[in-house]
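**Student:** Could you have a look at this structure, given as structure tokens, before my questions?
The values are calculated or read from the model by the stated rules, or taken from the named source; none is laboratory data. Model, not experiment: these values are computed from the prediction. Glycine gets a Cβ as well: all are built from the backbone with ideal geometry, and neighbour counts include every protein chain shown. Side chains are part of the model used for accessible areas, which takes the heavy atoms of the whole protein and leaves out ligands, DNA and RNA. Shrake-Rupley method; radii C 1.70, N 1.55, O 1.52, S 1.80 Å.
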Amino acid sequence: MSRVWSQIAVLAGKDLAIEARTRQTLGLVVVLGILIIVVLGLGLGPQQMAPAPAPGMGGAAAAGATPGAAPGAAPGAAPGAAPGVAALWVAYLFAGVLCFEGSMAVERHDGALAGLLLAPVDRGVLYLAKLVTNLVLMLVLALVLTPVAVLLFGFDLSPAPGSFAAIMAISFVGLAAVGTLFAAVVSSSRLQGGLLAMAIFPVSLPLVMTSTQMLIRLFGQKSASGLSGLGILLAFDVIYLVAGWLAFELVLEP
Amino acid sequence: MDSTKRLFGVLFWVFTAALFAGAVVLAFAFTPDEATMGAVQKIFYVHLPVAINSFLACFVNFVASLVFLWQRRRTWDDLATAAAQVAVVLLTIVLATGMIWGRSAWGHWWTWSPRLTLSLVLWLLYVVYLVIRPSIPSAQRRAVVAAVYGAVAFLDVPLVYLSTRLMPQDVHPTEVVLAPSMRLTLGLWFLPVTLLTVGLIIVRRRALALQSQTRAVLAAAENDGPVPATIHPTGGVL
Amino acid sequence: MSTLSINPAQDWPAADTVTAPVVQTQGLGRVVDDRVILRDIGLTLPRGGFLALLGANGAGKSTLLFCLATLTPATSGRLLLFGREVKKDAARLRARIGMISHQAMLYRDLPALENLTFFGRLYGVARPAQKAAELLEMVKLADWRYEPPKNFSRGMLQRLAIARSLMHDPDLLLADEPFTGLDVRASRQLEDLLRQLHGAGKTIILTHHNIAQSLELAGRVVVLRRGRVALDAPTGSPALAQSVEEILVS
């Protein structure tokens, strides 16, 4: 068991050492993420995201969250939660896909993947190590993108920063579990990059739906249904971690 | 043997068509119009059986994908592909009828109701399945990747369903109260739709099997002798 | 299914490692998309052997080597390495196999020393950094240890790849077209290295296009033609080059 952990550490450490040297994935991904948030902000129009109440925007939960309409609302309840959360998720998804692609591309050059496959390492360990790499990359990504979205969309994290971080962390595990598997498929089959987004997005929709609904409720005044949402997120994580771990060996090809 | 098969096939389709005709007659001539929605309500007789059969097709894809990963026989890959093709066709019908229904019942073409959303996500999943396949040149590789995707995609179904229930409004009828004659009509509609689904999957599977056989013959023509039987049907796993 | 794992408690029977042939195949075959890549390969290579695998492009040399490296599964027949069934023991056997190919199998952005140290850790080598430094010395790249391989010439890259393949001190070294893209000097250096390794007791299998060079290096030659073994002979007889060439041309 300890051997598995140390192998994961060695493999993920190698990926992060390369990333620290080249910064080729993170540089791209962070800029793309910021761009997406800005584009969505402009596309939605400034009047939709101003701190003033924005009725009729982004579903019932957000509209009902206007402070005037709900006297019992938390003082910091942000009217812009729904568009802000949606924009964040779109940015995470697209930038996340590039993370998965980038961390797998490292293995594509000079037959490096064959070098890994030659080693006496369980293929499931290779999967978990890539997953750890992807999660670290996404963590850095989130640390940059979240403040940008908070600023531009004027929504306020302060009522529940811990819950926000927890929901996002659990969602990222699921997203990376799917993304790591499909990135290996796309890379080993030498498919075009666009297909990776196509494969990941529909599968991760329950994750996106659940997590956005939870966040909208969290930052609106309705704080119900936290547990069932959490259950879905955790179920997603477990199902796709196991599926990825089992299937990784089938899709890897030197 | 071959002619018996063909005869059976013709009988199957004639029977299915006859059932369809009967079902249409039953729906329009013998079942009363629904009080509030009128004739548009009859779309329900198509919508529900097709929806349930589209899940059936997805499930066939799932099972065939798993069996392929276990046995590595091409016939399971053909079955999975056929099921995915039929599933996409049926899901398209589900979405179309659902939208028409929504338009006349609630005045919107699209509502993010849990079941419509589930159908939409399923449609996306299996369209992607069909789009990814042709982009992988090697038949063997394509089959493995598609099977992995098929298995992963179906695991999504319960999660999608649960997560749609978190969404705010729900206008979809969870409990439909039907007059006895309506229930009879609905029941009868299930028969031809299910037969059509099964028949389409079989026909598509056979067409795909023929294609892969042709490719196999062409590929084998370049070989120096016959293709030896593989003794490790589980292939990929060392 | 990820069922491969390493169990140090269950060790090799001592007899296996000494007496069993390093490579033993029976009726080995591989079929991809109904094309027969390998057919009925029967090979036995004793410990310390040096085998040159020749054949035209597409004859199946690389596939055979990838099968021996446990990277690609055979679809029929048996493959035993060190007397062990590969299907059952792949993970453990990998620890005894080293491979180089025309691809370096290295991370182009990671400095040479870090590259080797990484692979050493992956194989569970004791004191990987020290071992890496020693091997860099051996392949005459010690001065370039902090340089990433993307700045290396072909010859340097190939030497670094050899160092990588030796990090875990493998008993069997598989070399898939290692001379590709090397100039005369680098090619000579690689030859010397291979001789040196063979002299140190390693079993080597080499695929190559140059008949004369292969016959000179190896003790035995196997020629593949359309996935079959067309010739299997010890080197040394003067007429051999002629008959190898005839098979390759036909």
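**Student:** Does C:Ala175 satisfy the criteria of being over 29 Å from C:Gly27 (Cβ atoms), crowded, with 19+ Cβ neighbours inside 10 Å, touching a strand residue (DSSP E or B) at 6+ places or on another chain (Cβ under 8 Å) and among the small types (Gly, Ala, Ser)? Walk me through how you get there before you give the answer.
**Tutor:** Numbers: over 29 Å from C:Gly27 (Cβ atoms): no; crowded, with 19+ Cβ neighbours inside 10 Å: yes; touching a strand residue (DSSP E or B) at 6+ places or on another chain (Cβ under 8 Å): yes; among the small types (Gly, Ala, Ser): yes.
Judged against the criteria, C:Ala175 is not a match.
**Student:** Could I ask something else about it? Report the residue count in the range C:217-250 for those that are open to solvent by 30 Å² or more (accessible area, probe 1.4 Å), part of a helix (DSSP H, G or I) and in contact with a helix residue (DSSP H, G or I) (Cβ under 8 Å, 6 or more places away or on another chain).
**Tutor:** 3
**Student:** Then there's this: May I ask you to list the residues in the range C:100-124 that are in a loop (DSSP other than H, G, I, E, B) and either under 28 Å from C:Thr180 (Cβ atoms) or open to solvent by less than 10 Å² (accessible area, probe 1.4 Å) (or both)?
**Tutor:** C:His102, C:Gln103, C:Ala104, C:Met105, C:Leu106, C:Tyr107, C:Arg108, C:Asp109, C:Leu110, C:Pro111, C:Tyr123
**Student:** I want to confirm something. Restricting to the range B:112-155 and keeping residues that are of a type in the set (S, T, N, Q) and surrounded by fewer than 18 Cβ atoms within 10 Å (Cβ to Cβ), which single residue is farthest from A:Ile232 (Cα to Cα)?
**Tutor:** At the first step, the residues of the range B:112-155 found to be of a type in the set (S, T, N, Q) are B:113, B:117, B:119, B:135, B:138, B:140.
Next, from what is left, pick out any that are surrounded by fewer than 18 Cβ atoms within 10 Å (Cβ to Cβ): B:135, B:138.
On the way: B:Ser135: 33, B:Ser138: 37 Å.
Checking each candidate, the answer is B:Ser138.
**Student:** So, in the range C:195-216, exactly how many residues are open to solvent by 80 Å² or more (accessible area, probe 1.4 Å) and in a helix (DSSP H, G or I)?
**Tutor:** Result for the range C:195-216: 3.
Condition check ((1) of a type in the set (S, T, N, Q); (2) more than 13 Å from chain B (Cβ to nearest Cβ); (3) free of Cβ contacts under 8 Å to residues at least 40 places away in the same chain; (4) not in a helix (DSSP H, G or I)) across all residues:
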| site | (1), (2), (3), (4) |
| --- | --- |
| A:Ala142 | no, yes, no, no |
| A:Val173 | no, yes, no, no |
| A:Arg190 | no, no, yes, yes |
| A:Phe201 | no, no, no, no |
| A:Pro254 | no, no, no, yes |
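**Student:** In addition: Return the residues of the range C:217-250 that are on the phi > 0 side of the Ramachandran plot and of a type in the set (D, E, K, R); say none if nothing qualifies.
**Tutor:** If we filter the range C:217-250 for residues that are on the phi > 0 side of the Ramachandran plot, which is where we start, we get C:226-227, C:236.
Within the range C:217-250, just C:Arg226 meets the criteria.
**Student:** Under the condition of being part of a loop (DSSP other than H, G, I, E, B) and surrounded by 20 or more Cβ atoms within 10 Å (Cβ to Cβ), which residue from the range C:71-97 is farthest from the other protein chains (Cβ to nearest Cβ)? Quick ask: steps written out before the conclusion?
**Tutor:** First, the residues of the range C:71-97 that are part of a loop (DSSP other than H, G, I, E, B): C:71-75, C:82-83, C:95-96.
The next check asks that each one be surrounded by 20 or more Cβ atoms within 10 Å (Cβ to Cβ); those that pass are C:71-72, C:74-75, C:82.
Values: C:Leu71: 5, C:Thr72: 8, C:Ala74: 7, C:Thr75: 4, C:Phe82: 13 Å.
Within the range C:71-97, the match that is farthest from the other protein chains (Cβ to nearest Cβ) is C:Phe82.
**Student:** Being over 30 Å from B:Lys42 (Cβ atoms) and among the basic types (Lys, Arg): is that true of B:Arg183 here? Spell out how you get there, then give the answer.
**Tutor:** Working: over 30 Å from B:Lys42 (Cβ atoms): no; among the basic types (Lys, Arg): yes.
It is false that B:Arg183 is over 30 Å from B:Lys42 (Cβ atoms) and among the basic types (Lys, Arg).
**Student:** Hey, can you tell me all the residues within the range B:202-220 that are open to solvent by less than 70 Å² (accessible area, probe 1.4 Å), at the interface with chain C (Cβ under 10 Å from one of its Cβ atoms) and touching a helix residue (DSSP H, G or I) at 6+ places or on another chain (Cβ under 9 Å)?
**Tutor:** B:Ser212, B:Ala216, B:Ala219 - these are the residues of the range B:202-220 that are open to solvent by less than 70 Å² (accessible area, probe 1.4 Å), at the interface with chain C (Cβ under 10 Å from one of its Cβ atoms) and touching a helix residue (DSSP H, G or I) at 6+ places or on another chain (Cβ under 9 Å).
**Student:** Same structure again: I need the full set of residues from the range C:205-217 which are closer than 17 Å to C:Thr180 by Cβ and among the aliphatic types (A, V, I, L, M), in order please. Working first, answer last.
**Tutor:** In the first step, residues of the range C:205-217 are kept if they are closer than 17 Å to C:Thr180 by Cβ; the result is C:205-214, C:217.
Listed by number, the residues that qualify are C:Ile205, C:Leu206, C:Ile211, C:Ala212, C:Leu217.
**Student:** Looking at the range C:131-151 only, could you name the residues that are free of Cβ contacts under 8 Å to residues at least 24 places away in the same chain and open to solvent by less than 70 Å² (accessible area, probe 1.4 Å)?
**Tutor:** Once the filter is applied, which keeps residues that are free of Cβ contacts under 8 Å to residues at least 24 places away in the same chain and open to solvent by less than 70 Å² (accessible area, probe 1.4 Å), the range C:131-151 yields C:Ala133, C:Ala142.
**Student:** Moving on to the next point. Residue by residue through the range A:199-218, note down the ones that are under 16 Å from A:Leu98 (Cβ atoms) and either crowded, with 19+ Cβ neighbours inside 10 Å or in contact with a Cys (Cβ under 9 Å, 6 or more places away or on another chain) (or both). Give the steps one after another, and end with the answer.
**Tutor:** Looking only at the range A:199-218, we keep the residues that are under 16 Å from A:Leu98 (Cβ atoms), and these are A:199-201, A:204.
Of everything in the range A:199-218, those that are under 16 Å from A:Leu98 (Cβ atoms) and either crowded, with 19+ Cβ neighbours inside 10 Å or in contact with a Cys (Cβ under 9 Å, 6 or more places away or on another chain) (or both) turn out to be A:Ala199, A:Ile200, A:Ser204.
**Student:** Among A:Val121, A:Val186, which is the only one that is more than 14 Å from chain C (Cβ to nearest Cβ) and over 26 Å from B:Thr164 (Cα atoms)? Outline the logic, then answer.
**Tutor:** Details: A:Val121 fails: more than 14 Å from chain C (Cβ to nearest Cβ).
Residue meeting the stated conditions: A:Val186.
**Student:** May I pose another question? Just checking, which of A:Ala95, A:Ala114 is out of contact with any helix residue (DSSP H, G or I) (no Cβ under 8 Å at 6 or more places or on another chain), open to solvent by less than 50 Å² (accessible area, probe 1.4 Å) and either assigned to a helix (DSSP H, G or I) or among the β-branched types (Val, Ile, Thr) (or both)?
**Tutor:** Values: A:Ala95 fails: out of contact with any helix residue (DSSP H, G or I) (no Cβ under 8 Å at 6 or more places or on another chain).
Answer to the selection: A:Ala114.
**Student:** Consider C:Arg121 carefully, then state whether it is at the interface with another protein chain (Cβ under 9 Å from one of its Cβ atoms) and free of Cβ contacts under 8 Å to residues at least 12 places away in the same chain. Working first, answer last.
**Tutor:** Values: at the interface with another protein chain (Cβ under 9 Å from one of its Cβ atoms): yes; free of Cβ contacts under 8 Å to residues at least 12 places away in the same chain: yes.
Against the criterion (at the interface with another protein chain (Cβ under 9 Å from one of its Cβ atoms) and free of Cβ contacts under 8 Å to residues at least 12 places away in the same chain), C:Arg121 qualifies.
**Student:** Out of B:Asp77, B:Asp33, report the one residue that is of a type in the set (Asp, Glu) and either open to solvent by 30 Å² or more (accessible area, probe 1.4 Å) or free of Cβ contacts under 8 Å to residues at least 60 places away in the same chain (or both). Don't jump to the end; show me each part of the working.
**Tutor:** Working: B:Asp77 fails: either open to solvent by 30 Å² or more (accessible area, probe 1.4 Å) or free of Cβ contacts under 8 Å to residues at least 60 places away in the same chain (or both).
Answer to the selection: B:Asp33.
**Student:** Sort out which residues of the range C:39-67 are open to solvent by 50 Å² or more (accessible area, probe 1.4 Å) and either within 17 Å of C:Leu81 (Cα to Cα) or not in a loop (DSSP other than H, G, I, E, B) (or both), and write them in order of number. Even if it seems obvious, please write down each step before you answer.
**Tutor:** Residues of the range C:39-67 that are open to solvent by 50 Å² or more (accessible area, probe 1.4 Å), as a first pass: C:40, C:44, C:46-47, C:57-58.
If the condition is that a residue be open to solvent by 50 Å² or more (accessible area, probe 1.4 Å) and either within 17 Å of C:Leu81 (Cα to Cα) or not in a loop (DSSP other than H, G, I, E, B) (or both), then C:Asp40, C:Thr44, C:Pro46, C:Arg47 are the ones that fit.
**Student:** Let me ask something additional. Can you tell me which condition A:Ser188 does not meet? The list is (1) open to solvent by less than 10 Å² (accessible area, probe 1.4 Å); (2) out of contact with any Ser or Thr (no Cβ under 8 Å at 6 or more places or on another chain); (3) closer than 25 Å to A:Gly41 by Cβ, and all the others hold.
**Tutor:** For A:Ser188, the failing item is (3).
**Student:** Check whether at least one residue in the range C:229-248 is modelled with pLDDT of 90 or more and either touching an Asp or Glu at 6+ places or on another chain (Cβ under 6 Å) or within 14 Å of chain B (Cβ to nearest Cβ) (or both), and report yes or no.
**Tutor:** Among the residues of the range C:229-248, at least one is modelled with pLDDT of 90 or more and either touching an Asp or Glu at 6+ places or on another chain (Cβ under 6 Å) or within 14 Å of chain B (Cβ to nearest Cβ) (or both), which makes the answer yes.
**Student:** Kindly establish whether A:Val85 is within 14 Å of chain C (Cβ to nearest Cβ), of a type in the set (Val, Ile, Thr) and either open to solvent by less than 20 Å² (accessible area, probe 1.4 Å) or part of a helix (DSSP H, G or I) (or both).
**Tutor:** On the way: within 14 Å of chain C (Cβ to nearest Cβ): no; of a type in the set (Val, Ile, Thr): yes; either open to solvent by less than 20 Å² (accessible area, probe 1.4 Å) or part of a helix (DSSP H, G or I) (or both): yes.
Criteria not met by A:Val85.
**Student:** Oh, and also: Can you name every residue in the range B:123-145 that is of a type outside the set (Lys, Arg), facing chain A (nearest Cβ under 8 Å) and assigned to a helix (DSSP H, G or I)?
**Tutor:** B:Leu124, B:Leu125, B:Val128, B:Val131, B:Ile132, B:Ser135, B:Val144, B:Val145
**Student:** Also, I was wondering about something else. Scan C:Ala95, C:Ala126, C:Ala74 and give me the residue that is in contact with a strand residue (DSSP E or B) (Cβ under 8 Å, 6 or more places away or on another chain) and modelled with pLDDT under 95.
**Tutor:** Details: C:Ala95 fails: in contact with a strand residue (DSSP E or B) (Cβ under 8 Å, 6 or more places away or on another chain); C:Ala126 fails: in contact with a strand residue (DSSP E or B) (Cβ under 8 Å, 6 or more places away or on another chain).
It is C:Ala74.
**Student:** I would also like to ask the following. Scan B:Phe28, B:Phe44, B:Phe62 and give me the residue that is of a type in the set (A, V, I, L, M, F, W, C), open to solvent by 40 Å² or more (accessible area, probe 1.4 Å) and assigned to a helix (DSSP H, G or I). Outline the logic, then answer.
**Tutor:** Details: B:Phe44 fails: open to solvent by 40 Å² or more (accessible area, probe 1.4 Å); B:Phe62 fails: open to solvent by 40 Å² or more (accessible area, probe 1.4 Å).
Being of a type in the set (A, V, I, L, M, F, W, C), open to solvent by 40 Å² or more (accessible area, probe 1.4 Å) and assigned to a helix (DSSP H, G or I) holds for just one of B:Phe28, B:Phe44, B:Phe62, which is B:Phe28.
**Student:** Testing A:Ile167 on (1) in contact with a helix residue (DSSP H, G or I) (Cβ under 7 Å, 6 or more places away or on another chain); (2) hydrophobic (A, V, I, L, M, F, W, C); (3) open to solvent by 20 Å² or more (accessible area, probe 1.4 Å), one condition comes back false. Which one is that?
**Tutor:** Answer for A:Ile167: the failing condition is (3).
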